[in-house]
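One structure is given here, and the rest of the page talks about it.
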Ligand SMILES: NC(=O)c1ccc[n+]([C@@H]2O[C@H](COP(=O)([O-])OP(=O)(O)OC[C@H]3O[C@@H](n4cnc5c(N)ncnc54)[C@H](O)[C@@H]3O)[C@@H](O)[C@H]2O)c1
């Protein structure tokens, strides 16, 4: 499908190339790297900088640092074309040459600040300011607190009063796991600016993509749209999770309920899949940051606050459900399959699966984990507190319960006869509802699924 999209895209680019804009991307993480590679692919000259040396070394050699479909192929292609370079530090020339500087550094939630930690954004603004010597558009791609573009503009102007700049908010909506696809097929590109001159450059930048998807707003509205979207999606996920619990109690099937609800266009079918709770590098922190800011300015987000609290309780509750399943077993062993916060990515930030594993080991359970992509990232959190298996079958050796933590496709087609030979007790706790229950029953397993 992506191949087909790329072909369609190539045709549209050749008809519709942009004017070889020079783009500097600051931050080479999930967003920055995807942006850098994809903008190079549609004809821009891109320099991507990151403060992590190992990342830059790896990317410069054509080795991707994140698990993201199609990114490896496009990285190599665009390095070869010389439209893409990676550097540890942007030199003055890179900044001077840039038509657009895109800031895509991380904005983690900081409990002490009770909001985003935007230190990296402000330090980048200071670093680039002194070298700006021609009209440059500064794009804030990171998800930020409302008013950040104003602050970035102020920092740059204070550091270099002659800087001829415009700060534009273009929040990123890519979904990890389909980031490349989302770049080439955006549902909308929100452009927060009041400047006609900046609009022209941003239009040019996105020319090979579908121009009709550009939506102009004020900077503040654009900043709010991003957080509001994520908080809304988190709420939707939580809604169907509660509905799943209700279905379990009263004997309904949450999939039938979600399907029936989703046929109503006002509701929509997306994001009505039950699970252990939302997670990842965005929803939890964006919902929290929005709720905190709301409180500070006296506009309480009661609904979002409830969702944040209930989602945390849900994740803890799943850990307790697993504990209850093995309460009569002496020294129970858990085979935990899937650690990434969702399939298609190696991202373990705020992963419900990882949080549940931590809860289980804190209660003294032995846990053996396996994930097809996220073992390296999970190790940075779980360290030597769990056993790491080379595959699902090794993880199952001597297990009393098999937990499905992430909806990886390969877990759908596990050989349950083979799994049955390895386990001590035949019990499956499917937090992602991907296992074929009838098939597992044939091989003597008992299988718990959510909401059905
Ligand atoms: N990951 C997603 O799916 C996603 C989607 C939409 C928006 N966002 C937002 O985009 C932003 C980036 O997210 P991410 O997931 O890519 O984060 P990330 O942690 O993967 O990447 C951030 C990168 O910025 C680099 N960095 C930090 N300070 C720097 C500096 N001064 N100079 C150069 N590099 C620097 C870090 O080394 C890191 O590689 C966040 O605000 C996030 O909320 C993320």
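Table for the structure above
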item	result
Segment 161-253 - Kirkwood radius from inverse mean 1/r over Cα pairs (Å)	15.8 Å
Whole-angstrom gap from segment 326-370 to segment 227-294, using each part's C-alpha centre	22 Å
Calculated SAXS-style log₁₀ I(q)/I(0) at q = 0.13, 0.17, 0.20, 0.27 Å⁻¹ - segment 341-419, Debye, Cα scatterers	-0.37, -0.64, -0.90, -1.61
Rounded tilt (10° steps) of 283-297 against the dominant C-alpha axis of the chain	60 degrees
Tilt relative to the chain, helix 302-325 - C-alpha long axis, 0 to 90 degrees, to 10	40 degrees
Segment 36-140 - Kirkwood radius from inverse mean 1/r over Cα pairs (Å)	15.0 Å
Compactness of segment 158-214 - radius of gyration and Dmax, Cα, Å	13.7, 42
Three semi-axes of the equivalent ellipsoid, segment 186-302, Cα gyration tensor, whole Å, largest first	34, 20, 11
Gyration tensor (Cα) of segment 316-449, equivalent ellipsoid semi-axes in angstrom	20, 17, 13
Segment 402-452 - Debye-derived log10 I(q)/I(0), Cα point model, q = 0.13 Å⁻¹	-0.25
Sequence of 249, 407 once ranked by neighbouring C-beta atoms within 10 Å, starting from the fewest	249, 407
Proxy reagent accessibility, fewest Cβ within 10 Å first, across 325, 306, 48, 149	306, 325, 149, 48
For the chain, alpha-carbon Rg relative to the globular expectation (2.2 N^0.38 Å, N residues)	1.05
Label zone at residue 410, where the point sits 7 Å out along the Cα-to-Cβ direction: segment 358-376 residues whose backbone N lies under 16 Å	369-376
Share antiparallel - DSSP beta bridges, the chain, percent rounded to 5	5 percent
Cα-based Kirkwood hydrodynamic radius, segment 243-373, one decimal, Å	16.9 Å
Calculated on alpha-carbon atoms, Rg and Dmax of segment 305-381 in Å	13.0, 39
The chain: calculated mean residue ellipticity at 222 nm from DSSP helix runs of at least 4, using -39500 (n - 2.57)	-14000 deg cm²/dmol
Spin-label pair residue 327/residue 72, simplified geometry with 7 Å Cα→Cβ offset, distance in nm	4.6 nm
Estimated inter-spin distance, residue 88 and residue 246, nm [label 7 Å along Cα→Cβ]	5.7 nm
Debye-sum result for segment 2-217 in log10 I(q)/I(0), which assumes one identical scatterer on each alpha carbon, at q = 0.10, 0.18 Å⁻¹	-0.40, -1.42
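A short reminder: the numbers here are calculations on the coordinates, not readings from a lab. The model shown is predicted, which means the values in this text are computed figures rather than measured ones. Neighbour counts run over all protein chains shown; Cβ positions are idealised from the backbone, glycine included.
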